[in-house]
Each structure stands twice: as C-alpha cells, then as structure tokens.
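Peer 1: Please see the structure below; I have some questions.
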Amino acid sequence: MLTRKQHELLTYLQRYLSEHGVAPSFDEMKEAVSLRSKSGIHRLITGLEERGFVRRLPHRARAIEILRLPEDSQPRQPRFKPNVIEGRKPPILRNLRRPAEAMAERISPLPLFGKIAAGTPIEALRNEQSFVDVPQAMVGAGEHYALEVEGDSMIDAGIFDGDVVIIERAEAAENGAIVVALIDEQEVTLKRLRRRAGAIALEPANRTYETRLFPPDRVRIQGRLRGLLRRY
C-alpha cells in the first residue's frame, strides 16, 4: 500500500523514464510532487524501494529502475473463480490444549484496523468492520486493537511481514518498548522507542534500515505492543 505522495512520485518516475531514459533530478521530482525539500523526496524513494517498487543502481547518478507498478495502475486480469463449497472456517489460532481447557478459555474479538508499515511509515488504514479473535489472556485489561504488519524492518525482533500485532492503546511507553508511533499527525509506524537528548528515536530491528530522529512534538505514541499472531 502506497501513500498518495509515493503513488504520485512513482507515476512521475515511470512517465519520465519512458520519455527520457534516465531518472529525473531531485529538484525535478520535488517540483513534480509539490514538496519543499529534497529530504522529502529521499524519504519517498526509500519507501518505494523498501516496498519493492523501485531500485536505486549503485555508483551511478540519476539511476533508478522501476521494478513494478501499483495494482491499480496495471491492466486487470480476469480472476479465476472456482466453485467453492462453504465449509466451517478454521480458527485463527490453533489450540492444542485438551477440549475442556480449550472451551474454558475466553476469546476476545479485537478490531483489525488495517496494515501498519514496519519500514518507512505509511498512512494508517482504518477498517473498523474487520475483527480478529485472540485469547483474552493475551490482552488483559485496557483497550486493545490489532494491526497487520507490512514490511521487514522489525524482523530481528521476531516481527515479520504478514504478522498480526496486538496493540494496547497508550499515550506513553517506557524507553525501549515497541510502539505504534504517529508522525506529523498523518503517518504511522511500528518501531522501538528510544529517547535521546531531547529527541525521539524510532529504531528498527533490521540493520538495513536507519534509525529516524524526530523532535518530541512531531511524534505521538498511540499504543504499545502486547502480543503477536502468526499464520503458518
């Protein structure tokens, strides 16, 4: 899932490359998507690269290769529609306890708000009509919700692309906690929280990603990681 600005830049890059055979300059990209700084363009390109849409070629100036385009900009192929016999849907979590213990365990439905990037931040998708069932013992007290992880920047913390994380709503968290952070009131990311000399550091758990520093007034904590679900 791309933000509006990422989509605009990718479309512009595709059109420019097809016409000129070389990528535009940062100044041209900045003007095309109406950004004020080159750092904003760098952030957009990094996000596109992390999601597999583009690749920067090393040791070459203005060398960007487009690897794929968003689905909504590609010709749609007819979908295969098999005949399906409705059956009983399997539970999200496989319970290996004895039947009596399994029946005694209480299940809590949590709202699944959509996807959250574990890479460069993306705009949060909020879908309050989807739910995921989790054991009540996993959430405890407090208000909780679920998010699907997109990206690989937290793999060294055991959080992989496609995992569903259980988040406790909170406006503060201890140093070193994995949190849902809202940046500039419009971008959301899942990172480890560090406080450094009056700044907020959002730290990935993957050496290929950089830690990002922000003034405290640009970052607002929206929740703390409490659990994780994974489908095999």
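The values are calculated or read from the model by the stated rules, or taken from the named source; none is laboratory data. Since the model is a prediction, treat every value here as computed from it, not as a measurement. Glycine gets a Cβ as well: all are built from the backbone with ideal geometry, and neighbour counts include every protein chain shown.
Peer 1: Looking for whichever is at pLDDT 80 or above and under 30 Å from residue 8 (Cβ atoms) here; the options are 72, 133, 152. Which one fits? Spell out the reasoning first.
Peer 2: Values: 72 fails: at pLDDT 80 or above; 133 fails: under 30 Å from residue 8 (Cβ atoms).
From the options 72, 133, 152, the qualifying one is 152.
Peer 1: Then there is this: Report whether or not residue 8 is at pLDDT 85 or above, acidic (Asp, Glu) and either surrounded by 11 or more Cβ atoms within 10 Å (Cβ to Cβ) or not in a helix (DSSP H, G or I) (or both). Working first, answer last.
Peer 2: Numbers: at pLDDT 85 or above: yes; acidic (Asp, Glu): yes; either surrounded by 11 or more Cβ atoms within 10 Å (Cβ to Cβ) or not in a helix (DSSP H, G or I) (or both): yes.
Yes: the conditions hold for residue 8.
Peer 1: Oh, and also: As an exercise: evaluate residue 159 against (1) touching a helix residue (DSSP H, G or I) at 6+ places or on another chain (Cβ under 8 Å); (2) under 24 Å from residue 49 (Cα atoms) and give the number of the one condition it does not meet.
Peer 2: That leaves (1) as the condition not met.
Peer 1: If you don't mind, another one. From the residues in the stretch 153-172 that are in a loop (DSSP other than H, G, I, E, B) and in contact (Cβ under 8 Å) with a residue 60 or more places away in the chain, which one is farthest from the chain's Cα centre (by Cα)?
Peer 2: From the stretch 153-172, those in a loop (DSSP other than H, G, I, E, B) are 153-154, 158-163, 170-172; that's our starting set.
Add one more test, that the residue is in contact (Cβ under 8 Å) with a residue 60 or more places away in the chain, and what stays is 153, 158-160, 162-163.
Numbers: 153: 9, 158: 15, 159: 12, 160: 11, 162: 10, 163: 11 Å.
Within the stretch 153-172, the match that is farthest from the chain's Cα centre (by Cα) is 158.
Peer 1: Something else about it: How many residues are under 22 Å from residue 207 (Cα atoms) and without any contact (Cβ under 8 Å) to a residue 24 or more places away in the chain when one looks only at the stretch 173-183?
Peer 2: Adding up the residues that qualify gives 2.
Peer 1: Check residue 186 against each of (1) in contact (Cβ under 8 Å) with a residue 24 or more places away in the chain; (2) within 17 Å of the chain's Cα centre (by Cα); (3) surrounded by 14 or more Cβ atoms within 10 Å (Cβ to Cβ) and name the one condition it does not meet.
Peer 2: Unmet condition: (3).
Peer 1: For the stretch 169-182, check the following and say yes or no: at least one residue is under 20 Å from residue 51 (Cα atoms) and charged (D, E, K, R).
Peer 2: No, the conditions are met nowhere in the stretch 169-182.
Peer 1: Moving on to the next point. Which of the residues spanning the stretch 173-188 are closer than 22 Å to residue 138 by Cα and either in the same structural domain as residue 51 (by TED's automatic domain parsing) or assigned to a strand (DSSP E or B) (or both)?
Peer 2: Passing the criteria: 178, 179, 180, 181.
Peer 1: Any residue that is in contact (Cβ under 8 Å) with a residue 24 or more places away in the chain, out of contact with any Phe, Trp or Tyr (no Cβ under 6 Å at 6 or more places or on another chain) and not in a strand (DSSP E or B) - is there at least one of those in the stretch 141-150? Lay out the reasoning, then the answer.
Peer 2: Residues of the stretch 141-150 that are in contact (Cβ under 8 Å) with a residue 24 or more places away in the chain, as a first pass: 142-150.
Filter once more, so that each one left must be out of contact with any Phe, Trp or Tyr (no Cβ under 6 Å at 6 or more places or on another chain): 142-144, 146, 148-150.
Now restrict to residues that are not in a strand (DSSP E or B): 142-143.
The answer is yes; a qualifying residue exists.
Peer 1: Here is a check on your reading of the model: is residue 220 closer than 26 Å to residue 5 by Cα and among the basic types (Lys, Arg)?
Peer 2: Numbers: closer than 26 Å to residue 5 by Cα: yes; among the basic types (Lys, Arg): yes.
Considered against the rule, which asks whether it is closer than 26 Å to residue 5 by Cα and among the basic types (Lys, Arg), residue 220 comes out as yes.
Peer 1: In the stretch 11-39, how many are surrounded by fewer than 17 Cβ atoms within 10 Å (Cβ to Cβ) and free of Cβ contacts under 8 Å to residues at least 40 places away in the same chain?
Peer 2: So the count comes out to 15.
Peer 1: Yes or no: residue 2 in a helix (DSSP H, G or I), buried (at least 18 other Cβ atoms within 10 Å of the Cβ) and hydrophobic (A, V, I, L, M, F, W, C)? Spell out the reasoning first.
Peer 2: Values: in a helix (DSSP H, G or I): no; buried (at least 18 other Cβ atoms within 10 Å of the Cβ): yes; hydrophobic (A, V, I, L, M, F, W, C): yes.
So residue 2 does not fit the description; no.
Peer 1: Would you mind telling me which numbered condition in (1) surrounded by fewer than 16 Cβ atoms within 10 Å (Cβ to Cβ); (2) at pLDDT 85 or above; (3) not hydroxyl-bearing (Ser, Thr, Tyr) residue 144 fails?
Peer 2: Here residue 144 meets the rest and fails (1).
Peer 1: Would you call residue 149 more than 14 Å from residue 224 (Cβ to Cβ) and crowded, with 18+ Cβ neighbours inside 10 Å? Step through it out loud before you land on a result.
Peer 2: Working: more than 14 Å from residue 224 (Cβ to Cβ): yes; crowded, with 18+ Cβ neighbours inside 10 Å: yes.
Yes; evaluated as a whole, the condition is true for this residue.
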